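Have a look at the structure below before the remarks.
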Amino acid sequence: MLERRPPNDILYIDLNSCFATIEQQCRPMLRGRPVAITNRLVPNSCIIAASYEAKALGIKVGMRSNEASAICPELIYAETEPDKFIFVHEKLKKIMKDYSPSVVMKSIDEGVIDLTESPKHIYERSRFELGYEIKQRLKDEVGCYMRCNVGIASNRFLAKLAGELHKPDGLDEITAENQRKIFSTLKLTDLPGINVRMEARLNAVGIKTPLQFLDADEDTLVKLVCKSIDGHKWYRRLRGIEVDSTTSDIKSIGRQFVLDGKNLSRSGTDARFVHLAEDVGYRLRSKGLYARGIYVWTYDFTRGYTHTQLIAKETFNSDYEIARLARELYKKLPCPVRIIGITLYKLQSVADAQLCFEQDKKNRIDTICATTDKINLRFGARKIHCADSSGTDQVKCKIPFGSTRYLDHSIT
């Protein structure tokens, strides 16, 4: 028997066009103008964010800059500055935690407030009153140009959908009473988590609208659409029951980098591999994890993807060992290449306890890594780094959209 629908105690906060809006907040001359954000100001770069003014002219995330400039010659490009984005992320998180100790940041620009754990004087307030107050605090404490959507519902799925109904700067609530009316105005792909592939699977069993999705019986979703336990989750999710509150363990940690247009020598590419090794090493240690596997890959327009990997006899998490293994693996791959990447996998929270003849050396390396991490965390990224990665400051870390797992450690 399906449990009773809980009260509307979930607030979903989503910053509007986050990266572009932050840039417009920092640089008033850009306000009201079409702005595109890229990871690097190089020819044919990829747009990762666009202001609402740019979107209105047809500029989309994922466009190449040459295509975007053809559509909008007056488009202004700005390079990502992670420190700005992390600052706003931390400000938003602090505001949200004033309303409940149960706050989960779903990405750098959106998060969930669960009011079930809020103090009584907050819990008893109107949800709309709380939403408007958060929107105003964002303007007062971050900047007057900052805007956010607020969605209110009984679970994360419906709250996120509510927050997407009236962008930008919207505030909406989905209740048991108005859900059918709202669903009647939407397409299947308007629902969070429904992509074109899932839409095709729904269409195949005659479900072509959100209302038909809502009215579908549980067996149909389990046996015909999802063919897994996910069907149970969708049945409950659509009815306002929370099924998305759990977090998954980290399965892998990786970094990639698109090389500039020059044909780098193997030694030049090798130095960039060392830089990536330092990045993934810090991320691994920041989560208290060790790896057993390492996967190195490259991409070239002619050869496509090439890769090699290995499973080490012992766990590792030092920059030294990651760089050593990555360089050894890279020797087996062709050069020159366009994109390089490292991924660590088979992660575990406890190091192998087996002692070895070089234990003193390993202990010294671990101490160096711990000390280096503390210094870089306090004084800024790469204040101390391996000599072999010198001259690779262009290997800037991308700010992730879908995860905040490393932002608490100020990685830039």
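The values are calculated or read from the model by the stated rules, or taken from the named source; none is laboratory data. All values derive from a computational prediction rather than experimental measurement. No Cβ is skipped: glycine too gets one built from the backbone with ideal geometry, and neighbour counts run over all protein chains shown.
Only one of the listed residues (202, 186, 161) is assigned by TED's automatic domain parsing to the domain that holds residue 216, touching a helix residue (DSSP H, G or I) at 6+ places or on another chain (Cβ under 8 Å), under 23 Å from residue 239 (Cβ atoms) and outside any loop (DSSP other than H, G, I, E, B). That residue is 202. Right, residue 350: aliphatic (A, V, I, L, M), in a loop (DSSP other than H, G, I, E, B) and modelled with pLDDT of 85 or more or not? Judged against the criteria, residue 350 is a match. Scanning the range 244-261 for residues that are of a type in the set (A, V, I, L, M) and crowded, with 19+ Cβ neighbours inside 10 Å gives 253, 259.
Among the residues of the range 353-383, the ones that are modelled with pLDDT of 80 or more, among the charged types (D, E, K, R) and either surrounded by fewer than 11 Cβ atoms within 10 Å (Cβ to Cβ) or more than 31 Å from the chain's Cα centre (by Cα) (or both) come to 2 in all. Considering only residues that are acidic (Asp, Glu) and over 25 Å from residue 82 (Cβ atoms), which ones fall in the range 107-140? Residues satisfying the conditions are 114, 117, 124, 129, 133.
Total residues in the range 37-71 satisfying the condition of being within 22 Å of residue 147 (Cβ to Cβ) and part of a loop (DSSP other than H, G, I, E, B): the figure is 6. In the range 1-24, the residues that are at positive phi reach residues that are small (Gly, Ala, Ser) and modelled with pLDDT of 90 or more with C-beta atoms within less than 9 angstrom, at least six apart or across chains, in these pairs: 17/49; 17/50; 17/51; 17/54. Of the residues in the range 74-97, not one is of a type in the set (Gly, Ala, Ser) and outside any strand (DSSP E or B).
For beta carbons closer than 9 Å, sequence separation of 6+ or different chains, a first residue in the range 301-328 that is more than 20 Å from residue 349 (Cα to Cα) and without any contact (Cβ under 8 Å) to a residue 12 or more places away in the chain and a second that is part of a strand (DSSP E or B) and among the hydroxyl-bearing types (Ser, Thr, Tyr), the qualifying pairs are 305/298; 305/299. Filtering 181, 160, 227 for residues that are in contact with a strand residue (DSSP E or B) (Cβ under 6 Å, 6 or more places away or on another chain) and more than 30 Å from residue 40 (Cα to Cα) leaves a single hit, 160.
Within the range 206-243, the set of residues being of a type in the set (D, E, K, R), crowded, with 16+ Cβ neighbours inside 10 Å and closer than 13 Å to residue 180 by Cα comprises 239 only.
For the range 289-318, enumerate the residues that are farther than 14 Å from residue 332 by Cα, surrounded by fewer than 18 Cβ atoms within 10 Å (Cβ to Cβ) and at pLDDT 90 or above. If the condition is that a residue be farther than 14 Å from residue 332 by Cα, surrounded by fewer than 18 Cβ atoms within 10 Å (Cβ to Cβ) and at pLDDT 90 or above, then 292, 293, 311, 312 are the ones that fit. It is to be established whether one or more residues within the range 183-204 are within 23 Å of residue 19 (Cβ to Cβ) and in contact with a Cys (Cβ under 8 Å, 6 or more places away or on another chain). Within the range 183-204, none of the residues are within 23 Å of residue 19 (Cβ to Cβ) and in contact with a Cys (Cβ under 8 Å, 6 or more places away or on another chain). For residue 325, indicate whether it is buried (at least 20 other Cβ atoms within 10 Å of the Cβ), of a type in the set (A, V, I, L, M, F, W, C) and in contact with a Lys or Arg (Cβ under 9 Å, 6 or more places away or on another chain). When the stated conditions are applied, residue 325 does not pass them.
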